[in-house]
């Protein structure tokens, strides 16, 4: 084999290797771009629930997989409310807001019960043994835009109940002073969060 022919063969092999490397790098970059676009769509779709799950799982890929599997499971499980039930809950919520003016603490308790009843009737709660965390995750998978409202509303409600128990135990004048403008504003924020969840699940 002549030196010229050997040189041509070597050049051809190098050219093939270079082309293969270029194709590999372009393909890898394209795949990485598609994955990033998919993650961005997932972030937009699941909002803060995506960040919460990614932080807990330690992987964005695992977070996306979990959220989509969770949503698929909930979608198979949940049912819409009948028109009769919708009407009944709308009447209940009107009562929640009417009572808030005179008795905000009771209004919040009614709001919590109304939201819980809707979640149960729509089968977000699969069984009596289902934990609150599982219910939160199911709601977050279907309606991530109100997941934080639901968690925060329940946290704030727990604080309201605890303060109410302390006040009734003390029976002092200080407890009445506890119903300050600041406390009233917190009660208002709590009912607003419950309202956001209610409006999403009663028809969503």
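Figures for the structure shown
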quantity: Filtered residue count, region 40-69, keeping only those that are under 14 Å from the mean Cα position of the chain (by Cα), surrounded by 13 or more Cβ atoms within 10 Å (Cβ to Cβ) and more than 19 Å from residue 152 (Cα to Cα); calculated: 9
quantity: Pairs where the first residue, in region 90-101, is within 13 Å of residue 192 (Cα to Cα) and the second is buried (at least 17 other Cβ atoms within 10 Å of the Cβ), C-beta under 7 Å, 6+ apart; calculated: 93/114; 93/198; 96/107; 96/110; 96/111; 96/114; 100/107; 100/191
quantity: Members of region 106-126 found to be surrounded by fewer than 19 Cβ atoms within 10 Å (Cβ to Cβ) and farther than 29 Å from residue 51 by Cβ, listed by number; calculated: 106, 109, 113, 117, 121
quantity: Boolean, residue 98 is in the same structural domain as residue 157 (by TED's automatic domain parsing) and surrounded by fewer than 19 Cβ atoms within 10 Å (Cβ to Cβ); calculated: yes
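Residue-wise test of (1) in a helix (DSSP H, G or I); (2) assigned by TED's automatic domain parsing to the domain that holds residue 133; (3) modelled with pLDDT of 85 or more.
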site	(1), (2), (3)
17	yes, no, yes
33	yes, no, no
70	yes, no, yes
88	yes, yes, yes
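The values are calculated or read from the model by the stated rules, or taken from the named source; none is laboratory data. Bear in mind that the values here come from a model prediction, so they are computed numbers and not experimental data. Virtual Cβ from ideal backbone geometry, glycine too; neighbours counted across all protein chains shown.
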